[in-house]
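Here is the structure we will look at, set down as structure tokens.
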Amino acid sequence: MAHPPRHSAMLSLSNSGSSANSDKQQPPQQIQHIANTGLRVPSNRKTIYDRHLNRSRNAEISRSSFAFLFGEMVTYAQRRVTGIQDLEKRLNEQGYPMGLRLLDLLYYRTITSSTSSSLASSSTSTAPPNRPLRILPLLHLIHGPLWRLLFNRPADALEHSVSPDTPNEYMITDNDPLVNAYVSVPKEMHMLNCAAFVAGIIEGVCDGCGFEAKVTAHNQPTELWPGRTIFLVRFGESVMEREKVLERAGIK
Amino acid sequence: MSYYFTILSPTDVPLFNIAFGTSKSGGDGIARFRFPDTAQYMNQFIIHSSLDIVEEAQWMNGNMYLKHIDTYPPAAAYITAFLAPSGARFLLLHQPPQLPSTTAPGNGSSSLLGSSFSSSALSGGSSSRASSSSIGANPTSPQTEEAVRQFMNEVYENYVKTMMSPFYRQGLEIKSPVFRSRVTAAGRKWL
Amino acid sequence: MSATKASRIGEELWKTRIDKVNAELVTLTYGTIVAQLCQDYDSNYQEVNKQLDKMGYNIGMRLIEDFLAKSGVGRCSNFRETADMIAKVGFKIFLNISPTVTNWTSDNNQFSLVFDENPLADFVELPDDGRAQDELWFSNILCGVLRGALEMVQMQVDAHFVSDVLRGDDATEMRVSLVRYIEDEMPPEEE
């Protein structure tokens, strides 16, 4: 057998008994050399698996705490890059895994809540939520439930590119992105849009759902909304091709 | 019934796997695959060969729980799938016990295996070890599908808890013994 | 000012004067920051602790203005009062938690903050690499925040965590010691 399986199933079964608690008696030096012994846990044995996923669902924190943290995140990132594009790329990459997390969290909550409001706009049943199969339900998921989870309100607009050359481009608008409030951008970086972080979150959600996409954030101020930001979602060719196939097959 | 459960990343990297047996109808929770020597290799092979079907079904049906999607008659193995929205695939292989006429399950006698058995299982044939309505007997019955749904949902909940930790990156093997014990417990509870 | 009075002020401010965001956004963003540092510093956790403390220090220096403006409280008459103000007003209005002030030394110059809740660490499991639980102080940014904020009001303190439930300890406890009152109007040291 050229490639023996990575894990022995039987071995794994016997491992399941090794409780993290028993490691507590061992001095740390020993733990270092034993792979996969598990983490120490408090004497009440509480781990992340004991914490209900909805516990912080409606919890709130001060907005300035977020602004301070996010500001430090941007400042720190800035020290490690050479230009605005680089910085935006880095912020995007930090948002991406958050998008994947939020996606699973959203669906978990819809499965478990009895007053199941469907995530995908097309479905009106109370059955468990559907994964988006087409572009529109995916974008509605982002515009509505994702934005509400993050910012307690839906995004302000969702549009499709009118140009026949770019049918793969969609735009999500936020008139007043939380991430741009309070974050003071140095003068030489006035083109920077910190919402690149949110663009990364969106990209993570798209990718997680199987819709390869590039998402970028662009300043589009108006008189009324100086921080107005457009998130430009550009889907990959494979997505557009699949979209045609699914359309022909009558999948919504 | 013997089970092999695996979580695959969107790029087919195995993140977690576990084998166990039924705890229903007096089962002791220990897996007894028909070819114990090669079970692990075979199980992974069978699961991977069902991935094409998963990928097709994934775009025809927006449910997270896709139910029974594939059967591999030579090993009387049934595959059930659940898709996490962020791209991980949960796959459960179940293999009903040997025909009652053969010797004790799991001892590796292999002369009577194969499609003749699988057809009896598909038609809901009961064995002496479990009644026909029990999930141990019929891998495609509505009762089984419901039990597997509950199992998958419970695993999903624990999977999301794993994902939520900032130190977990997609594609990393899930090594937590607590996670493993949670999956084991879910198997014991529902399967 | 008594601890109960401080609690009342904190509650009142939280209800009436504070703009709020979803706690999970903050939790996940902080987790992202720490995970990124661990990656950038190649899991050199001592260095990560240092960086977190530095970030906190920068935040603390600016946060104190926000705190004074919102709370409208005046100068504390002694370090015990300062401790209550930090725990019952400061933590309340910024993180919506009220750690317990305890373990005073007899000279009233050192106390502990014990955290029953810590929104920064929700969902977090430290890396199972045999080191993180011994070396990383996940919430270390809070130490820097205290240091920075108090320095702006002429108090030089030392703040560090002595235990953390994420490390398997039974409580999350930060030790805060008054080093000295800064008499002169010196500019804060550059960090």
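Odds and ends about this structure:
- Contacts under 6 angstrom Cβ, first residue in region B:1-30 being within 18 Å of residue A:100 (Cα to Cα) and facing chain A (nearest Cβ under 9 Å), partner part of a loop (DSSP other than H, G, I, E, B) and at pLDDT 90 or above, 6 or more apart: B:10/B:87
- When C:106, C:71 are screened for being surrounded by fewer than 22 Cβ atoms within 10 Å (Cβ to Cβ), small (Gly, Ala, Ser) and touching a residue at least 60 places away in the same chain (Cβ under 8 Å), only C:71 passes.
- Taking region B:58-68 as the range and being of a type outside the set (Lys, Arg), crowded, with 18+ Cβ neighbours inside 10 Å and either part of a strand (DSSP E or B) or in contact (Cβ under 8 Å) with a residue 24 or more places away in the chain (or both) as the test, the residues that pass are B:58, B:64, B:65, B:66.
- Residue B:162 being farther than 22 Å from residue A:49 by Cβ and either surrounded by 19 or more Cβ atoms within 10 Å (Cβ to Cβ) or in contact with a strand residue (DSSP E or B) (Cβ under 8 Å, 6 or more places away or on another chain) (or both): no
- The set of residues in region C:28-40 that are within 20 Å of residue C:96 (Cβ to Cβ) and more than 9 Å from chain B (Cβ to nearest Cβ) contains only C:29.
- Within region B:34-57, if we keep just the residues that are charged (D, E, K, R) and part of a loop (DSSP other than H, G, I, E, B), the residue that is surrounded by the fewest Cβ atoms within 10 Å (Cβ to Cβ) turns out to be B:37.
- Which numbered condition residue C:178 fails, given (1) in contact with a Phe, Trp or Tyr (Cβ under 8 Å, 6 or more places away or on another chain); (2) at pLDDT below 95; (3) part of a strand (DSSP E or B): (2)
- The test for being over 16 Å from residue C:8 (Cβ atoms), β-branched (Val, Ile, Thr) and surrounded by fewer than 17 Cβ atoms within 10 Å (Cβ to Cβ) does not hold for residue C:82.
A quick yes/no check of all residues on (1) under 24 Å from residue B:64 (Cβ atoms); (2) modelled with pLDDT of 85 or more:
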site: A:71; (1), (2): no, yes
site: A:79; (1), (2): no, yes
site: A:84; (1), (2): no, yes
site: A:91; (1), (2): no, yes
site: A:109; (1), (2): yes, yes
site: A:117; (1), (2): yes, no
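- Cβ-Cβ contacts under 9 Å between residues 6 or more apart (or on different chains), taken from a first residue in region A:222-244 that is closer than 10 Å to residue A:176 by Cα to a second residue that is modelled with pLDDT of 95 or more and hydroxyl-bearing (Ser, Thr, Tyr), are listed as A:228/A:173; A:229/A:173.
- When C:118, C:109, C:78, C:96 are checked against the criterion of being at positive phi and not hydroxyl-bearing (Ser, Thr, Tyr), C:96 stands alone in meeting it.
- For residue C:131, the conditions (1) within 14 Å of chain A (Cβ to nearest Cβ); (2) basic (Lys, Arg); (3) in contact with a Leu (Cβ under 9 Å, 6 or more places away or on another chain) are fulfilled apart from (3).
- Pairs meeting the criteria (first residue in region A:60-80 and within 7 Å of another protein chain (Cβ to nearest Cβ), second residue outside any helix (DSSP H, G or I) and among the acidic types (Asp, Glu), beta carbons under 6 Å, at least 6 apart or on different chains) are A:63/C:19.
- Cross-chain or 6+ apart pairs with Cβ under 8 Å, region A:196-214 first and free of Cβ contacts under 8 Å to residues at least 24 places away in the same chain, then part of a helix (DSSP H, G or I) and charged (D, E, K, R): A:214/A:203
- Any hit, region C:87-108, residues being in a helix (DSSP H, G or I), under 17 Å from the mean Cα position of the chain (by Cα), over 18 Å from residue C:27 (Cα atoms) and not small (Gly, Ala, Ser): yes
The values are calculated or read from the model by the stated rules, or taken from the named source; none is laboratory data. Everything numeric here is computed off the predicted structure, so don't read it as measured data. Every residue, glycine as well, gets a Cβ built from its backbone with ideal geometry; the counts of neighbours run over all protein chains shown.
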